[in-house]
1. What is the spin-label model distance, in nm, from residue 30 to residue 9 if the labels are put 7 Å beyond Cα along the C-beta direction?
2. What share of the DSSP beta bridges in the stretch 13-129 is antiparallel, in percent to the nearest 5?
3. So what is the relative contact order for the chain, in percent, with contacts set as C-alpha pairs under 8 Å and at least six apart?
4. Could you list the residues of the stretch 79-94 with an amide nitrogen less than 17 Å from a label point located 7 Å from the Cα of residue 48 in the Cα-to-C-beta direction?
5. I need the shape label for the stretch 78-131. Rule: rounded when a/c is under 1.5, else prolate if a/b > b/c, else oblate, with a, b, c from the alpha carbon gyration tensor.
6. Based on the Cβ-Cβ distance from residue 20 to residue 74, what FRET efficiency comes out when R0 is 35 Å, to the nearest 0.05?
7. Per residue of the stretch 49-63, in order, report the coupling 6.51 cos²θ - 1.76 cosθ + 1.60 (Karplus, θ = phi - 60°) as ³J(HN,Hα) in whole Hz, putting x for Gly and Pro.
8. By how many nm would the segment from residue 55 to residue 115 lengthen if fully extended, with 0.36 nm per residue of separation less the alpha-carbon distance?
Amino acid sequence: MDIGVLRRDGRTDPFFDGTAAGRLVIKRCEACDRWYAPDAVGCPDCGEEDLTWADASGEATLVTWTVTHGRPAEDGTVPPPAYLALVELAEGPWMYARLDGVTDPREGLPLRASFEHPDEGESYVLFRPAG
């Protein structure tokens, strides 16, 4: 299923610089050494407002998911379903992402970050079964 063209918006530059280089970059509070999802704006634990961007391992486990089904094309072909997921990164935060190569999703499924580099727009992360 086509997700469209992704564009950065200034505040997402470090995240998309990471995906372009094949790295998962998320937020980290240096003051209390806690990790947060890429969209975090501050640390709720210690109140630090200046989170840094740091490389994550790319390892995750599947928390939950949903399956979306695309509309048939004019020629009658039906696109494969897309799996949209909430994953728990090894560093602790949860993150929304697409799954790829998962045919039998289950809670706790070990996953690994993978990166797509489309011809147009920003590179993006998806998660595939680890191993």
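What follows draws every value from the coordinates through simple rules; no lab data is involved. Note that the structure is a prediction, hence the values are computed from the model and not measured. Ideal geometry is used to build each Cβ from the backbone, glycine not excepted, and the neighbour counts take in all protein chains shown.
1. In this crude spin-label approximation the distance works out to 2.6 nm.
2. Numbers: 30 of 32 bridges.
Percentage antiparallel, nearest 5: 95.
3. Numbers: 262 pairs, mean separation 32.1, N = 131.
With pairs under 8 Å counted, the relative contact order is 24 percent.
4. Within reach of a label on residue 48: 91-93.
5. Working: a/c = 1.94, a/b = 1.23, b/c = 1.58.
The shape class here is oblate.
6. Numbers: r = 34 Å, r/R0 = 0.97.
Step by step, r from the Cβ atoms, then E = 0.55.
7. Each residue's phi maps through the Karplus curve to give 9, 10, 7, 9, 8, 9, 5, 9, 5, x, 8, 7, 10, 6, 9 Hz.
8. Details: separation 60, 0.36 × 60 = 21.60 nm, distance 1.42 nm.
Gain on extension, residue 55 to residue 115, equals 20.2 nm.
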